[in-house]
1. Exactly one of these conditions fails for residue 105: (1) at pLDDT below 95; (2) closer than 19 Å to residue 8 by Cβ; (3) outside any helix (DSSP H, G or I). Give me its number.
2. Select from segment 284-310 the residues that are β-branched (Val, Ile, Thr) and away from the ligand (no atom under 15 Å from the Cβ) and list them in ascending order.
3. Only residues that are acidic (Asp, Glu) and more than 16 Å from the ligand (Cβ to nearest atom): list them for segment 257-283, please.
4. Could you list, in sequence order, the residues of segment 169-204 that are assigned to a strand (DSSP E or B) and within 23 Å of residue 141 (Cβ to Cβ)?
5. Which of (1) more than 23 Å from the chain's Cα centre (by Cα); (2) among the polar types (S, T, N, Q); (3) over 16 Å from residue 160 (Cα atoms) is the odd one out, the single condition residue 248 does not satisfy?
6. Kindly indicate which of 48, 126, 147 is among the hydrophobic types (A, V, I, L, M, F, W, C), modelled with pLDDT of 95 or more and assigned to a helix (DSSP H, G or I).
7. Keeping to segment 30-46, report how many residues are open to solvent by 40 Å² or more (accessible area, probe 1.4 Å) and either of a type in the set (Phe, Trp, Tyr) or closer than 30 Å to residue 99 by Cβ (or both).
Amino acid sequence: MSFRHKHIIALRDLSKDDIEQLLNTAESMRDINSREIKKVPTLRGKTIINLFYESSTRTRTSFEIAGKRLSADTVNIASSSSSATKGETLADTALNLLAMKPDIIVMRHAVSGSHYFLAEKVNCSIINAGDGTHEHPSQGLLDMLTIKDKFGRLDGLKVAIVGDITHSRVARSNIQGLTKLGSSIFLAGPPTMIPPGVERLGNVTVCATMKEAIQDADVVMMLRIQQERQGKTLMPNAREYSRYFGLNSQNLQYAKPDAMVMHPGPINRGVEMSSYVVDGNQSHILKQVENGVAVRMAMLYHVCGGTAVE
Ligand code: CP
């Protein structure tokens, strides 16, 4: 079965089968990452440009590693050192990069939907590495793979997502992906950080308190407070936030005893989560990062026309 999408911009655009195919391929890619020689020739001769208009540690590094492990030529461009600082538009930057004949542009941009605009301008594949408050599909997929690793399935799970839902592209991608695969989502956060109408996205319940969201949850996914996108103060202060919406060893006990704790990073330790929980034995945060490489290898492989991996 071949993957029928040229671009991966949002999990909203993918079917359950598409997502399962990407997760299955990522599971196979993991084998490469544990070898002594972590390289296969799958994408030899392909050129990937990682174009990042916002800062990143995990996503940019793992897309670069993913491309290199598949033998693609990868080039990184940070907007701070690009001609964007001289006023070049996104469309002009894209057309100039396209003249160099890349096969894939992986882009992170602060404007929601900018990848759809880019996809109309170029003839290479576009992968979204995070756009504004819209989606972060590679993060959603790596989160789903990490959950599947623990439970062997995604259907029938209670997943609590806590924090700044309004500004979280991670939350949107997880809601889109997890509900398609049969999980139930329970959201909690300050009322100023819950977008109106979010229940309409599917099997999503907005809870009045964090306790209600995490009660008997299989997964507790904490989000970063996206201060760079808030524009105005949406909470009294970090201490108040932590008191009502921070995860610690006491309130984690409301979740199931074997519940897994997740966070996309970067973490504000002591605000969104206590260090005890971040570093505790229920934390899967570094496993998420590890799975990020395999998931991004799968995304690169499939937009280049790779067929299903058995
Ligand atoms: N989770 C995530 O997107 O992290 P980075 O901003 O470091 O890429």
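The values are calculated or read from the model by the stated rules, or taken from the named source; none is laboratory data. None of the values given here were measured: they were computed from a predicted structure. Every residue, glycine as well, gets a Cβ built from its backbone with ideal geometry; the counts of neighbours run over all protein chains shown. These accessible areas exclude ligands, DNA and RNA; they are computed on the full protein's heavy atoms, side chains included. Shrake-Rupley method; radii C 1.70, N 1.55, O 1.52, S 1.80 Å.
1. (1)
2. Passing the criteria: 303, 307, 309.
3. 258, 279
4. Within segment 169-204, 184, 185, 186, 187, 204 qualify.
5. Status for residue 248: all satisfied but (3).
6. Only one candidate passes the filter, namely 147.
7. Selection size over segment 30-46: 6.
Matching residues to (1) crowded, with 20+ Cβ neighbours inside 10 Å; (2) in contact with a Leu (Cβ under 9 Å, 6 or more places away or on another chain):
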| residue | (1), (2) |
| --- | --- |
| 180 | yes, yes |
| 198 | no, yes |
| 225 | yes, yes |
| 245 | yes, no |
| 248 | no, no |
